[in-house]
Amino acid sequence: MAAEITIKVNERSWKVAASADTPLLYVLANELHLQGPRFGCGLAQCGSCSVLVNGVETRSCVTPVAAVRGKSVTTLEGLPAWYAARQKLSVTPALHPVQQAMIDEQAVQCGYCYNGMIVKASELLAKNPRPTDAEIRTAMKGHLCRCGTYPRVIKAIRRASKAMSGGAA
Amino acid sequence: MNFPRREFLKAGGALIVGFNLSEALFGQSHLDPVSRPPVPGPPDAKMVDTWLAIHADNTATIFIGFAELGQGNSTALLQVAAEELDMDMSRLKTVRLDTSITPNQGGTYSSASIQRGGPQVRTAAAEARLALLQMASKKLDAPIEGLTVSNGVVSAGNGKSVTYGELTGDRPLHIPFTGKAPLKPFTQYKVVGTGVPRNDIPDKVAGKYVYMQHVRVPDMLHVRVVRPRGQRAYGAGAKVVSIDESSIRGIPGARVLRRNDFIGVAAENEWDAVHAARQLKVTWETPPALPGNRGMHDAMRASKTTDRVVLEKGNAAAAMVGAAHVVSQSYRGPYQMHGPFGPNCAIADVKPDSALVICSTQDVYGTRTGIARILGLAVDKVRVQYYEGSGTYGHSCYDDVAQSAAILSQLAGKPVRLQFMRWDEHGWDNYGPAHVGEIRAAVDAAGRIVAYEYDGWQHNWSLVETAEQLALNRAPAAWPGAAAQGVSANHLGGIYYVPNLRLINHQVPGGDWFKGGWLRSPLDLSLAFASEQTIDELARLSGIDSYEFRRRNIVNERWLGVLDAAAKASNWKPRVAGSNISKSRIVTGRGIGLGTHLASYGGAVAEIEVNRETGQVVAKHMYGAIDAGLAVNPAFIENQIGGQLVQTASRMFKEEVTFNETGVTSLDWNSYPILRFDECPEVTAVVVQRLDQRSSGAGEEVMAAAAGAIANAFFDATGVRMREYPLTPKRVLAALRG
Ligand code: FES
Ligand code: FES
């Protein structure tokens, strides 16, 4: 039965009416009208619905909304602010460096999988600012891309890593 | 039309976010707003105004009839228009496909948006430019010959100038599309042929791009289809024995919608609809038994087929006799699926006398015809609008989902949003059909191919979608015509000079098998797997390097161009295939291949690694070259080549639709694995630019070449020929053990 639940998404609190077992994804898409996390499999197999929960990449399609009570959810839309807060930047950039790198590399094809790609890559670079190619491949392997853009995603992550550590992109 | 969330974000704090659908209107993106009133389509293709509009602020809207599928064509076609109009790209925009707005250019098939669409857009733009120059000549009181245009500003020798926008002031041009206006010679191209960045990427990475899956309309219900998990034989469909409606009684507002064997559920809340679809108890009739994957190829090979001679010249059988070397082999390819990353989704609002359907079809006009037929409405009472979903790679479930949504909206009497679940999309796809190929080819003592015979078995694509089959009891039917469904002379005999050739297509009855559809580079991977391995085998028997052997037998310059480009990119060193096999646990090999789908030319090299103990094969580096004539935007083609190489690796190593006696068992990404990051090859893309040649497709043309290259690399590494793909560890170990 639907109940009122308060969740924190992109640094704001929201009261939503949903049954406790409703996957977070449906709340984010239908109640908050966010367009980052999106349905891909509903089975935690593809990464289409990924969000950060307390900074950890999480599949919102299998996470009941009640499970994120008291935690902080960040979606694709909130990544620039999340990044700015972590890096203690005075101004929030328009895009997270990973997003910018995806543009610079023209990595995207259909782009549907890029929510997950960007969320996961942001998590990776927060934990490991200078990953090797092998580390990138291992970290990203739970995220599928049916259009086959993996090689450019790897390049973009490398580029973002450089940009974030102050090196020339 | 704002998303309510924008206001909430501004307001901040804790707010109750309920459903306020009257505010949650169509999503928007860089494609909106539409700049002209809708008409019952298609708009008149013989008027230039159908194709473009010049606005008072000196910008222009180009109305393009092709779907953006993530390949960049919405940008590339604007490049074509910008070039002819002499306007900067920043002044041009396009709109979404809509049967009431955009012209009918045929579907976005066969990688043809640039091939077919380029000339139409180019000609319309040239025609508009000529009309604008005539207007300017009057206005500036200067002869037309002396006028020059730069970024939409027309200047005369007398120092006066005027903008396109001032000339038209938002009024239509009212001129016919004659196709006679002079076109700019390619030597003067400034925008075409350059790597302008894609206009959709910034929104896509920021989460601002509105995919089909994001669209909501006021007052809609969420619906789901209820079908057996995994399709049965196409001819068997799915027959309902009984439904227990009480099984979903506990779910708030959920109800069953039914028309014959077509079943859906509806609820106001999406999760309730998902729940109801899972929980609804339906008893289905037991379908006739299928042979399962193991028996499939033999059963197809043995079925009663409709045979057709695709091409015959000389006398292949006679030429085999006494040839220096003859190769005779049989090859097999699996069913493979489109598997769009986001399952298809559609919104339908069906009223008694009209319907609006929003979906991700590759062909808004084709989809409209089917929906009108199913709803019993006149075609011009149905409006179909396109929103991009995730990449579709051919005829995935987009028609099925659109038709299903229309049926469910009609039943519910309300607008509905239908999202296919992962198992709906995987289980009820129009798969790329499985294939059996038998090939015989011969070479003379000088290493020249003298004879070639190919017999291919597969069924056609299916014509009637599942929605229509179940709801209207329509008999399944095979897609007529379309050469791409069968043995193709483009590969077999089109690439190499072969004096004696015989190609036979054996069409297997489709009703006994699964639904078929065009899957990116239809059938070509299977054809190349057989044919390019045979070419390699002939090379080896002749003691000639695989690249050199192809050069010797190649049929024309353009094939030679991509062959050389791929070989050069990979730094190919001459060596007979399989002549350097190591004994170690992990062995490496390289292979080369050529192939196409329809009109363009593809060449590829693959470098792979085989683990003899585990049977695991990975591509380390793949090189692909495409000659697609005039490359309007070479950067997009490079990206397309990269995607094709990775997808080919996925299809050659992993992808295979599995089924048991009842039906399909590939229902998610675990039961239908695809290539992942850790197995992904490096890719090198080469675009062979031909400014003086007509543009042709570039979205699928290197896949066959890459499939051949991978198979040949496997032989080079192991000395063993694979007769069936995908090259899964199990299959590889069995082959290595002999
Ligand atoms: S949609 Fe959640 S992992 Fe696929
Ligand atoms: S870009 Fe299309 S699925 Fe990744």
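The values are calculated or read from the model by the stated rules, or taken from the named source; none is laboratory data. What you are looking at is a predicted structure, and each value in this text was computed from that prediction instead of being measured. Every residue, glycine as well, gets a Cβ built from its backbone with ideal geometry; the counts of neighbours run over all protein chains shown. Quick note on the areas: whole protein, heavy atoms, side chains included, nothing else; ligands and nucleic acids left out. Shrake-Rupley method; radii C 1.70, N 1.55, O 1.52, S 1.80 Å.
A quick yes/no check of all residues on (1) over 24 Å from B:Pro343 (Cβ atoms); (2) more than 26 Å from the chain's Cα centre (by Cα); (3) open to solvent by less than 10 Å² (accessible area, probe 1.4 Å):
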site	(1), (2), (3)
B:Pro197	yes, no, no
B:Ala206	no, no, no
B:Val215	no, no, yes
B:Ala266	no, yes, yes
B:Gln279	no, yes, no
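B:Asp678 meets the conditions (1) open to solvent by 40 Å² or more (accessible area, probe 1.4 Å); (2) outside any strand (DSSP E or B); (3) more than 17 Å from A:Arg137 (Cβ to Cβ) in every case but one. The failed one is (3).
Applying the selection to the range A:26-38, what residues are of a type in the set (D, E, K, R) and either more than 10 Å from ligand 1 (Cβ to nearest atom) or modelled with pLDDT under 95 (or both)? Before you say what the answer is, go through the steps one by one.
Our first condition is that a residue be of a type in the set (D, E, K, R); within the range A:26-38, this holds for A:31, A:38.
Of everything in the range A:26-38, just one residue is of a type in the set (D, E, K, R) and either more than 10 Å from ligand 1 (Cβ to nearest atom) or modelled with pLDDT under 95 (or both), namely A:Glu31.
Here A:Ala67 clears all of (1) hydrophobic (A, V, I, L, M, F, W, C); (2) outside the structural domain of A:Ser13 (by TED's automatic domain parsing); (3) surrounded by fewer than 24 Cβ atoms within 10 Å (Cβ to Cβ) except the condition numbered (2).
Can A:Gly36 be described as within 16 Å of ligand 2 (Cβ to nearest atom), within 13 Å of another protein chain (Cβ to nearest Cβ) and either more than 9 Å from the chain's Cα centre (by Cα) or farther than 24 Å from B:Glu425 by Cα (or both)?
no
Count of the range A:40-60 residues, restricted to those that are within 19 Å of B:Trp669 (Cβ to Cβ), assigned to a strand (DSSP E or B) and more than 16 Å from ligand 2 (Cβ to nearest atom), is 3. Quick check on the range B:440-449. Is at least one of its residues in contact with a helix residue (DSSP H, G or I) (Cβ under 7 Å, 6 or more places away or on another chain) and at positive phi? The answer is yes; a qualifying residue exists. Taken together, B:Ala445, B:Ala402, B:Ala475 contain a single residue that is outside any loop (DSSP other than H, G, I, E, B) and either out of contact with any His (no Cβ under 9 Å at 6 or more places or on another chain) or in the same structural domain as B:Leu594 (by TED's automatic domain parsing) (or both), which is B:Ala402. Taking first residues from the range B:210-234 that are within 14 Å of another protein chain (Cβ to nearest Cβ) and partners that are hydroxyl-bearing (Ser, Thr, Tyr), the Cβ contacts under 6 Å between residues at least 6 apart in sequence or on separate chains come to B:Val210/B:Ser29; B:Met212/B:Ser360; B:Met212/B:Tyr387; B:Val215/B:Tyr387; B:Pro218/B:Ser22. Looking across the range A:107-145, the residues that are basic (Lys, Arg) and either in a loop (DSSP other than H, G, I, E, B) or away from ligand 2 (no atom under 13 Å from the Cβ) (or both) come down to A:Lys127, A:Arg130, A:Arg137, A:Lys141.
Any residue at all in the range B:54-62 that's modelled with pLDDT of 90 or more, buried (at least 22 other Cβ atoms within 10 Å of the Cβ) and outside any strand (DSSP E or B)?
No, the range B:54-62 has no match at all.
For the range A:39-60, filtered to residues that are open to solvent by less than 10 Å² (accessible area, probe 1.4 Å) and more than 7 Å from every other protein chain (Cβ to nearest Cβ), the residue that is farthest from ligand 1 (Cβ to nearest atom) is A:Leu52.
Taking the range A:107-139 as the range and being more than 18 Å from A:Ser60 (Cβ to Cβ) and either touching a residue at least 40 places away in the same chain (Cβ under 8 Å) or open to solvent by less than 10 Å² (accessible area, probe 1.4 Å) (or both) as the test, the residues that pass are A:Ala107, A:Val108, A:Gln109, A:Cys110, A:Gly111, A:Leu125, A:Ala126, A:Ile136. Picking from residues in the range A:61-79 that are within 15 Å of ligand 1 (Cβ to nearest atom) and assigned to a loop (DSSP other than H, G, I, E, B), the one that is nearest to A:Leu95 (Cα to Cα) is A:Thr75.
Which condition breaks for B:Ser600 when tested against (1) closer than 21 Å to B:Thr534 by Cα; (2) surrounded by 23 or more Cβ atoms within 10 Å (Cβ to Cβ)? All conditions pass for B:Ser600, except number (1).
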